[in-house]
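Just below is one structure, and these are the notes that go with it.
Here, each number is a calculation from the coordinates, and none is a lab measurement. Please read all numbers here as calculations on a predicted model, not as lab measurements. Ideal geometry is used to build each Cβ from the backbone, glycine not excepted, and the neighbour counts take in all protein chains shown.
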Amino acid sequence: MAITKEIELTKMDSDAIIGAISVRVDTVIKEDGTEISRSVHRHVVAPFNSVQNTEGAWAHTPWDLDTEESQVKAVATALWTDSIKTAWKTKLEAESPPA
């Protein structure tokens, strides 16, 4: 009886205007090659982790792609041009009222 765990990138969508990438990853548990469990994890990858402090100033830290699947890294690298990064910051700051 062999139990295995597989991670599958099952879906990826992107917003080419602001650069957000929606990622779905399934964790599949198999016993002797037969799937016995599947769990789904979804997350969004963005050009920056952006935080507004109590004075209203923004800090935009580039997203760390080291833990992402290679396909996600490739899309992010192609999609996140300087104009997309600027659009991300502008959209986020415009949608959030000053602190």
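Regarding the chain, what are the three Cα extents along the principal axes, ordered largest first, in Å?
Ordered largest first, the chain gives principal extents of 58, 29, 19 Å.
Determine the shape class of segment 36-82: with a ≥ b ≥ c the square roots of the Cα gyration tensor eigenvalues, call it rounded for a/c under 1.5, and otherwise prolate if a/b is greater than b/c, oblate otherwise.
Details: a/c = 3.68, a/b = 1.58, b/c = 2.33.
It is oblate, given that a/c is not under 1.5 and a/b is not larger than b/c.
I need the peptides 23-31, 50-58 ranked by packing, meaning the mean over residues of other C-beta atoms within 10 angstrom, with the highest value on top. Present the calculation step by step, with values, prior to reporting the outcome.
Numbers: 23-31: 14.9, 50-58: 11.1.
For the peptides 23-31, 50-58, the packing ranking is 23-31, 50-58.
What angle, in degrees between 0 and 90 and rounded to the nearest 10, separates the Cα long axis of helix 82-95 from the longest principal axis of the Cα atoms of the chain?
Long axis of 82-95 versus the principal axis of the chain: about 70 degrees.
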